[in-house]
Amino acid sequence: MLAVRVEELTKDFDGLRAVDHVSFSIAGGRIFGLLGPNGAGKSTTLAMLSTVLRPTSGAAWINGFDIRSDPSSVRKSIGIVFQDQSLDEELTCYENMDFHGRLYRVPRRIRQPKIGELLTLVGLAERQGDLVKTFSGGMRRRLEIARGLLHEPRVLFLDEPTLGLDPQTRNHLWAYIERLNREREITIILTTHYMDEADKLCDEVAIIDHGRIIASDTPAALKRQIGGDVVILESSNNDRILPHLQALPAVKQVELRDGAISIKLDQAERHIAELVTRASQDGVSINSISVHKPTLEDVFLHFTGRTIREEDASGKDRMRMARRLWRR
Amino acid sequence: MDIVYTIWLRNVKRYLRSRSRIIGSLGMPLFFLLILGFGLNSVVRGPHMGHGYVSFIVPGIVSMSVLFTSMFSGIQIIWDKQFGFLKETLVAPVSRLEIMLGQTLGGATTALIQGLIILVLSLFVGLEVTGLPGFVLAIGFMILIGVAFTALGIAIASRMEDMHGFQLIMNFVIFPIFGLSGALFPIDSLPVWLHSLTLLDPLTYGVEGIRYGLAGTAQVGPLVSLSALGAFTVVMVGIGAWLFRGIQI
């Protein structure tokens, strides 16, 4: 069954088109990433899917519920972790969970054990009596994820889940997200402008730029689409082995660049032995050999003609980052 | 109802936890009560001040305390907006009316507690309560003031982006409402134009209602006070709920 189906979703703000006829669908139990620079329309798309914003046109169904005609059922069946914190800092960790459980009408006899279980899952069980204002950025994020799961949603929305977090905390969070998806079969839709995050976590990625989806597939397929891997090989006699390497069936293209041979091919790790054997047959010794796999960064560059990092963080984002750093 | 209770519970918990806020917002009313009350006690004599000026202004100071606390509780929604917590409540599968009612009752409860503290402290500076029914009547009026002005605060907050406008609200809404209400002076002795202005102020009926409950006499009849303030409360809750429905996050 499709967990999410989006058709031609569009949102205009005062004549500015933030989301432009976006369509995609997500099968149940998958992790889907909306990848794009700041201001690409990711958060707006998420806001429409979570029924916070009304779309200008287009339609979408979450767990089979129409976001326009049945927002209440949509809300009951999703969990959301916003880009900006949405905890009450004056309440304790447990009270934040309890408040959420009551809002979603989770009966007390289920609510109490469930809160304990989820806090254990995200490693906050021992801090449940502490006020949230004493928590670090990573702990707050984990608490928000646990809170989003309390009413057992089938789809979890994560808006820039690791923005402004340090690398160690990010790794932990990724592990949590993967575990959630695997053990509880929760469909996860996340937005990010971190390429590595999308690559590591997502089963499927839609690259979004200026409100449009410009490419959508598995990360591996996207990378294959722009050409395969590259092996850089330095040897004692480049000219001698170059034509022989070119003749190998697996090799697509060979060129000499900066005193090294650059070989384009698919699934480099499978064919690297052939390259080495070929060189030794010619009696040429190899000084160094390295495999370069294309990243989603290269994919983004390929489709948009620029790197995602060229996009300066907007003022709002900088403020967010500063706030989180300051909290930690 | 359980949703209204949940939101109410959160507000009351937060309030009871912030001792500095409780004590801080007792400061100004106590200051008014003691400085004005004792400062003018020997000078001010009026037809309605049987037990002296201090006793006369106690209902006014109690109303002031309830007014300030409730307006502030309502406007606090802006904090929730800025700190992101409002999103958490708005995306839940609950109606905005439930959220608004929970906020209103929560704000009114904290305002009532604040007013009761002043009332109890007033017993030490010479307030004489005429009897239990009067006391209950006074509490009834305090609840009405609390509900009405928390709702007004929510209505204003629903249209405000951030706390920058708060000073404006303070100076052009809260203080005029307090100043014109007859909290500090008997409205009967005012010039006609000012007197009719005080009768347009909803808080006047709150003050007079509490005064009737505590002292047994007032310049506006208790039934008139009750219907005027009651009607104002209903209208405010209506407007607050309507504006809160359109709140953007």
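Values quoted throughout were computed directly from the atomic coordinates according to the rules given, and no laboratory measurement underlies them. As the structure is a computational prediction, the values presented were derived from the model and not from experiment. All Cβ positions, glycine included, derive from the backbone under ideal geometry; neighbour counts span all protein chains shown.
Against the conditions (1) at negative phi; (2) within 9 Å of another protein chain (Cβ to nearest Cβ); (3) surrounded by 22 or more Cβ atoms within 10 Å (Cβ to Cβ), A:SER72 satisfies every one except (3). Before we move on, is B:VAL125 surrounded by fewer than 17 Cβ atoms within 10 Å (Cβ to Cβ) and more than 16 Å from B:SER63 (Cα to Cα)? Taking the combined requirement at face value, the residue satisfies it. Of all residues in the range A:28-86, those satisfying the criterion of being charged (D, E, K, R) and within 25 Å of A:HIS210 (Cβ to Cβ) are A:LYS42, A:ARG54, A:ARG68, A:ASP84. A:ALA206 meets the conditions (1) outside any strand (DSSP E or B); (2) under 30 Å from B:PRO93 (Cβ atoms) in every case but one. The failed one is (1). I'd like the residue in the range A:178-200 that is aliphatic (A, V, I, L, M) and in contact with a helix residue (DSSP H, G or I) (Cβ under 6 Å, 6 or more places away or on another chain) and, out of all such residues, is nearest to A:PRO153 (Cα to Cα). That would be A:ILE186. Evaluated against (1) within 24 Å of A:ARG179 (Cα to Cα); (2) in a strand (DSSP E or B), A:LEU46 falls short on exactly one condition, (2).
Across the range A:75-124, the number of residues qualifying as buried (at least 16 other Cβ atoms within 10 Å of the Cβ) and in a helix (DSSP H, G or I) comes to 20. Only one of the numbered conditions (1) within 14 Å of chain A (Cβ to nearest Cβ); (2) within 17 Å of the chain's Cα centre (by Cα); (3) of a type outside the set (Val, Ile, Thr) is violated by B:MET1, and that is (2). Among the residues of the range B:9-29, those identified as within 11 Å of chain A (Cβ to nearest Cβ), closer than 17 Å to B:ILE77 by Cα and part of a helix (DSSP H, G or I) are B:LEU9, B:ARG10, B:ASN11, B:LYS13, B:ARG14, B:TYR15, B:ARG21.
Annotation note: Cβ proximity below 7 Å between a residue of the range B:78-98 that is more than 8 Å from chain A (Cβ to nearest Cβ) and surrounded by fewer than 17 Cβ atoms within 10 Å (Cβ to Cβ) and a residue that is not in a helix (DSSP H, G or I) and not β-branched (Val, Ile, Thr) (sequence gap 6+ or interchain) occurs for B:GLN82/B:ASP162. Per the listing B:GLY140, B:GLY131, the residue uniquely away from chain A (no Cβ under 14 Å), surrounded by fewer than 18 Cβ atoms within 10 Å (Cβ to Cβ) and closer than 18 Å to B:THR204 by Cα is B:GLY140. Only a single criterion out of (1) of a type outside the set (Phe, Trp, Tyr); (2) in a helix (DSSP H, G or I); (3) loosely packed, with under 13 Cβ neighbours inside 10 Å is not satisfied by B:GLN248, namely (2). Output yes when any residue across the range B:57-66 is surrounded by fewer than 16 Cβ atoms within 10 Å (Cβ to Cβ), in contact (Cβ under 8 Å) with a residue 60 or more places away in the chain and either more than 14 Å from chain A (Cβ to nearest Cβ) or closer than 17 Å to B:ILE99 by Cα (or both), and no when none is. Among the residues of the range B:57-66, not one is surrounded by fewer than 16 Cβ atoms within 10 Å (Cβ to Cβ), in contact (Cβ under 8 Å) with a residue 60 or more places away in the chain and either more than 14 Å from chain A (Cβ to nearest Cβ) or closer than 17 Å to B:ILE99 by Cα (or both), which makes the answer no. Within the range A:185-198, the set of residues being crowded, with 20+ Cβ neighbours inside 10 Å and within 10 Å of A:LEU35 (Cα to Cα) comprises A:LEU190, A:THR191, A:THR192, A:HIS193, A:MET195, A:GLU197, A:ALA198.
So that you can scan it fast, the table gives a plain yes or no per residue for (1) within 13 Å of another protein chain (Cβ to nearest Cβ); (2) over 30 Å from A:ASP12 (Cα atoms); (3) not hydroxyl-bearing (Ser, Thr, Tyr):
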residue: A:GLY58; (1), (2), (3): no, no, yes
residue: A:PHE82; (1), (2), (3): yes, no, yes
residue: A:ASP88; (1), (2), (3): yes, yes, yes
residue: A:MET97; (1), (2), (3): yes, yes, yes
residue: A:ARG127; (1), (2), (3): no, yes, yes
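Within this structure, B:PHE166 fails the test of being hydrophobic (A, V, I, L, M, F, W, C) and in contact with a Leu (Cβ under 7 Å, 6 or more places away or on another chain). Just one of the listed residues (A:ARG170, A:ARG140) is within 13 Å of chain B (Cβ to nearest Cβ), part of a helix (DSSP H, G or I), surrounded by 15 or more Cβ atoms within 10 Å (Cβ to Cβ) and not aliphatic (A, V, I, L, M), namely A:ARG140.
The rows are residues; the columns are (1) farther than 20 Å from B:GLN82 by Cβ; (2) of a type outside the set (D, E, K, R); (3) within 26 Å of the chain's Cα centre (by Cα).
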{"site": "A:ARG54", "(1), (2), (3)": "yes, no, yes"}
{"site": "A:ALA59", "(1), (2), (3)": "yes, yes, yes"}
{"site": "A:SER69", "(1), (2), (3)": "yes, yes, no"}
{"site": "A:ILE80", "(1), (2), (3)": "no, yes, yes"}
{"site": "A:ASN96", "(1), (2), (3)": "no, yes, no"}
{"site": "A:VAL106", "(1), (2), (3)": "yes, yes, no"}
